Amino acid sequence: MRNLNFKRWAGLLLALAMVVAACSGETAETTTTAGGDGGGTTTTSGGGGGGDDGDTTTTTSSGDGDGGSATAPDTLNIQVGEFSTLNPFLSSGIGRGTVTAAIYQPLVFLDPNNEIRGGAAESWEISDDGLTITFNLRQDLVWSDGEPFTSEDVLWTMSKMLTAELSQWANRIGGVLGQGEGDIPEGLTAPDDYTFVVQLAGSNPPWLSILAAQGFVISMLPEHILGGLSNEELATSEYFNDEPVTLGPYKFVRWERDQFVELEADPNWPTPPAFQKVTMSLLQTDVATAQLETGDLHLTAQVAPIDVARLEGLDNVEIQTVTGVWPEVLQFFVDTPALQDPRVRQAMAFALDLEGLCSEVLAGYCAVTRDQVRLLAPAWAIPDDVPIQYEYNPERAIELLEEAGWDPSTRLTMVNIGGDDRVRSTESVIIQANFAAVGIGMDILSTDVGTLLEIGGRDPARRSEAAMFINRGAHFAADPNQVSPYNSCDTFFPNGANLSFYCREDLDALWAAGLEVASPEERAPIYHEAFSILNEDIDSLILYWPETIVAQATDLAGVQPVGQPEHVTWNIGDWTWEG
């Protein structure tokens, strides 16, 4: 089993520098020029597509087994994860990222090296005081309906993404001057067709990296199509699911719920894609594995680790692995009466055999952390000496439950949105058994993303149907403030990502303080204190950090996995068939 020393493992990743520059890959050039009111500026090129995928990816080629045909397909077939909507303002499952990365462009995103790269932005400049970011937009992009892409699209999109009553991302990328005041914040301007300017309300060193970490979730949208809709109409419209105008190498054709999404090459894309059609199918892992063997499926980023050895033996399948940037988390609804005492949540942490879970569920293609710090990098933000190390200790778990006055007759419900997925099903049963061994009775409710979001809404009566759920996703290798949306008092779902309904004012004060200083040396002790609080007053349990495992047809070239497996299609426009 790959039971890695977590701190050492985290240190091997590229820690993103403070946002005083942006990085585009090997060909980027950084220059300093004279600026205006803000003084000098740092300029970084950011062109999208291509690029080196870094040292973290391991490729295993074919073996001696049988395989499917090497004939170039007209349709590229990809497995996609579950999702409930393509509306970018609303919560959905992780599968949406696979679709949106193929049909939209974000302003900026994080590449396989966790460095900022341009999508719709060709380059950007950051003023010396860090308060003004000027984006120079690509001039070769055209919407799928033939209309040119301009800064008006960016201005409208970013204004809506910053609207709290509409967008779940408003708090995550907040801090813009005038946010919440009028339809277009004062800090967003479009001085010409291909320039977009963001002025921040105050010091916010990680703002650009946090925007980039959202990747293809915050993608540019067509103002000429959506500009006349109200916030309520945007939240409820089926436009995004039925007929969206897009800005990517592929355009949307149709979505058959719980079955597949069909795309086709967009003739307006600057470089014609290699495949005429792409079908993204919702498949269980065993079905996907079988279709990889026959050659009917060409790529999946949802490989079950127990299938890796078998797939490596096929001469038509290639495996790539890359260190993941998101954890598998057991997330609590902390306002559940039975969970409000932090000693109960601590007991659950001591009750879990995480090493055994990693080995049994992912065959060691994962790492565990016993400090329960929900951050992978940068290393300077991770404390070395948190108060509690949650080593597997059922006896300590039983002691804590007794101290908390735990009623052994209590039954908790855990939501599993993985359905019959083997990984989720296996880990659910293991967690259930670990808890039962210390006297915590737990039932498993297997359901879909939509039902989970209904249970996790603001209605306490509905939320009482469950006490916890297994969650995954997000990017925790960019900046420590990436953790704050999941436990801040002002980011409760549905207007934010805090599905735990966790709230501590002293923690919020630390998140705010971390944005008031720029250097890692000044920020580090602030975040060390914040993560020490979360270490003792747990809002969620990190089960493991999985590796991204991509299985693909050996003739499929250009695939560059990233730490977020759902964004495997980030450069799908560069993929080719070399059979």
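The values are calculated or read from the model by the stated rules, or taken from the named source; none is laboratory data. Keep in mind the model is a prediction, meaning the values are calculated, not measured. A quick note on method: Cβ atoms are made from the backbone with ideal geometry, for glycine too, and the neighbour counts reach across all protein chains shown. Side chains included, ligands, DNA and RNA excluded: accessible areas come from the protein's heavy atoms. Shrake-Rupley method; radii C 1.70, N 1.55, O 1.52, S 1.80 Å.
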Name the single residue that is farthest from ILE538 (Cα to Cα) among those in segment 388-421 being assigned to a loop (DSSP other than H, G, I, E, B), open to solvent by less than 80 Å² (accessible area, probe 1.4 Å) and among the hydroxyl-bearing types (Ser, Thr, Tyr).
THR410
Which condition number in (1) touching a helix residue (DSSP H, G or I) at 6+ places or on another chain (Cβ under 8 Å); (2) among the aliphatic types (A, V, I, L, M); (3) within 25 Å of PRO494 (Cα to Cα) is the one that VAL99 fails?
(1)
For PHE476, all conditions in the list (1) touching a Lys or Arg at 6+ places or on another chain (Cβ under 9 Å); (2) closer than 14 Å to THR336 by Cβ hold save one; what is the number of the exception?
(2)
If the Cβ limit is 8 Å and pairs must be 6+ apart or interchain, which residue in segment 414-426 that is at pLDDT below 80 pairs with which residue that is crowded, with 20+ Cβ neighbours inside 10 Å?
GLY418/ARG424; GLY418/SER428; GLY418/ILE470; ASP421/THR285; ARG422/THR285; ARG422/ALA304
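Just wondering, is there one or more residues in segment 561-575 that are in contact with an Asp or Glu (Cβ under 8 Å, 6 or more places away or on another chain) and free of Cβ contacts under 8 Å to residues at least 60 places away in the same chain? Working first, answer last.
Keep residues of segment 561-575 that are in contact with an Asp or Glu (Cβ under 8 Å, 6 or more places away or on another chain), which gives 561-562, 570.
Then drop every residue that is not free of Cβ contacts under 8 Å to residues at least 60 places away in the same chain, which leaves none.
Within segment 561-575 (the criterion being in contact with an Asp or Glu (Cβ under 8 Å, 6 or more places away or on another chain) and free of Cβ contacts under 8 Å to residues at least 60 places away in the same chain), the answer is no, since none of the residues qualifies.
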Do we have any residue at all in segment 392-408 that's of a type in the set (D, E, K, R), within 18 Å of THR336 (Cβ to Cβ) and touching an Asp or Glu at 6+ places or on another chain (Cβ under 7 Å)?
no
Matching residues in segment 240-257 - criterion: being in contact (Cβ under 8 Å) with a residue 60 or more places away in the chain and not aromatic (Phe, Trp, Tyr):
ASN241, PRO244, VAL245, THR246, LEU247, GLY248, PRO249, LYS251
Hey, VAL287 hits all of (1) among the aliphatic types (A, V, I, L, M); (2) modelled with pLDDT of 95 or more; (3) surrounded by fewer than 16 Cβ atoms within 10 Å (Cβ to Cβ) but one; which does it fall short on?
(2)
Looking only at segment 370-387, filter to residues that are open to solvent by 30 Å² or more (accessible area, probe 1.4 Å) and assigned to a loop (DSSP other than H, G, I, E, B); which one of those is nearest to ARG523 (Cα to Cα)?
ASP384
Segment 169-203, residues that are in a loop (DSSP other than H, G, I, E, B), open to solvent by less than 20 Å² (accessible area, probe 1.4 Å) and out of contact with any helix residue (DSSP H, G or I) (no Cβ under 6 Å at 6 or more places or on another chain)
ALA170, GLY174, GLY178, PRO185, GLY187
Subset tally (residues that are of a type in the set (D, E, K, R) and assigned to a strand (DSSP E or B)) for segment 102-128:
3
(1) in contact with a Phe, Trp or Tyr (Cβ under 7 Å, 6 or more places away or on another chain); (2) in contact (Cβ under 8 Å) with a residue 40 or more places away in the chain; (3) among the charged types (D, E, K, R) all hold for GLU264 apart from (2)
Qualifying residue in segment 472-495 (condition: outside any loop (DSSP other than H, G, I, E, B) and charged (D, E, K, R)):
yes
